[in-house]
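To keep things clear, I will list the structure first and then write my remarks on it.
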Amino acid sequence: MGAIIEIDHLSKQYGSGTKALDDVSLTIDEGEIIALLGPNGAGKTTMISIICGLVVPTGGTVRVGGHDIRTDWRAARKLIGLVPQEIALEPFEKVINCVRFTRGLYGMPPDDAYIERILRALALWDKRDAATRELSGGMKRRVLIAKALSHQPKVLFLDEPTAGVDVALRREMWQVVGDLRREGVTIILTTHYLEEAEEMADRVGVIAKGQLLLVRPTAELMGEFGKKTLNIELD
Ligand code: ATP
């Protein structure tokens, strides 16, 4: 399959002088699930934020589906869905309306058949008429994913989908990612946990201090390093 994301010599220096991202290059293929693994402050959110147009890079280029995010932003943005770390939902709105509304924001025509499909894929169909404040934490996260998928993007970004959730919820998220894989969605997720990367991703990119230290198929990485060594290197 062809490349959907092409990151070339990407850098970001915030005003303070911190090099949050330092000359990162990475190509992600359509249909792939890649985990960006790294400790706090490694640069994972910065990388995702640049690709999603929330942060301006200091150097380098990013192409999404062949569209340069700087010069061809509208086309690139349509291909991207982002699930941010924080849960922010309108508390009194019905689940299905939240998803319909987000689709409308992207200028997409209504398509209730598609919305039903994603709500079913995310095990939310039975809750479609519930107000979001009535949902459990795990369900709220799934509504965020449904919103991010509402405009039928080719790539889904999940920024620390399991941060601050209990073991049961983490397993639930792993399951959701597995289901989305079957739908053919390309997924880029960030995590602090190697076991999580191992569970969900085809490839793992290890980021520390703004640098992409290595990118390997998950199985190869596990064989080469093992959990212990890798954790020590990261901490
Ligand atoms: P975490 O796992 O904690 O989310 P991360 O890997 O996503 O961390 P980033 O949030 O990208 O890391 O941060 C990378 C570096 O950039 C850190 O040193 C951080 O303090 C710095 N940084 C992030 N955002 C800003 C900002 N808006 N202004 C200044 N520095 C920032």
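The values are calculated or read from the model by the stated rules, or taken from the named source; none is laboratory data. Every value quoted in this text rests on a predicted model; they were computed, and no experiment measured them. Cβ: placed from backbone, ideal geometry, glycine included. Neighbour counts: every protein chain shown.
So, of the residues in segment 65-95 that are of a type in the set (Asp, Glu) and either within 23 Å of residue 161 (Cα to Cα) or part of a strand (DSSP E or B) (or both), which turns out to be farthest from the ligand (Cβ to nearest atom)?
The qualifying residue farthest from the ligand (Cβ to nearest atom) is 93.
Do we find a residue being farther than 30 Å from residue 19 by Cβ, among the hydrophobic types (A, V, I, L, M, F, W, C) and either modelled with pLDDT under 85 or within 16 Å of the ligand (Cβ to nearest atom) (or both) anywhere in segment 178-193?
As a first pass, look at segment 178-193 and keep what is farther than 30 Å from residue 19 by Cβ: 178-185.
After this cut, where a residue has to be among the hydrophobic types (A, V, I, L, M, F, W, C) as well, the list is 180, 185.
The next check asks that each one be either modelled with pLDDT under 85 or within 16 Å of the ligand (Cβ to nearest atom) (or both); those that pass are 180.
Yes, the conditions are met somewhere in segment 178-193.
Hand me the list of strands (runs of 3 or more DSSP E) wholly inside segment 153-225 holding 2 or more residues that are crowded, with 21+ Cβ neighbours inside 10 Å.
155-158, 186-191, 203-208
Kindly list the number of the only condition in (1) more than 12 Å from the ligand (Cβ to nearest atom); (2) in a helix (DSSP H, G or I) that fails for residue 62.
(2)
Being surrounded by fewer than 16 Cβ atoms within 10 Å (Cβ to Cβ), touching a Leu at 6+ places or on another chain (Cβ under 8 Å) and of a type in the set (A, V, I, L, M, F, W, C) narrows it down to one of 34, 4, 87, 50, so name that one.
Residue meeting the stated conditions: 87.
Which is among the hydrophobic types (A, V, I, L, M, F, W, C), under 27 Å from residue 175 (Cα atoms) and out of contact with any helix residue (DSSP H, G or I) (no Cβ under 6 Å at 6 or more places or on another chain), of 105, 36, 135, 89?
Exactly one residue qualifies, and that residue is 135.
Which residue is farthest from residue 173 (Cα to Cα), if the candidates are limited to segment 117-130 and must be surrounded by 15 or more Cβ atoms within 10 Å (Cβ to Cβ) and over 20 Å from the mean Cα position of the chain (by Cα)?
My answer is 130.
Scan segment 5-19 residue by residue and report those that are modelled with pLDDT of 95 or more, at negative phi and of a type outside the set (D, E, K, R). Spell out how you get there, then give the answer.
Initially, segment 5-19 is screened for residues modelled with pLDDT of 95 or more, giving 5-13.
Going one step further and asking which of them are at negative phi, we end up with 5-8, 10-13.
The answer is 5, 7, 10, 11, 13.
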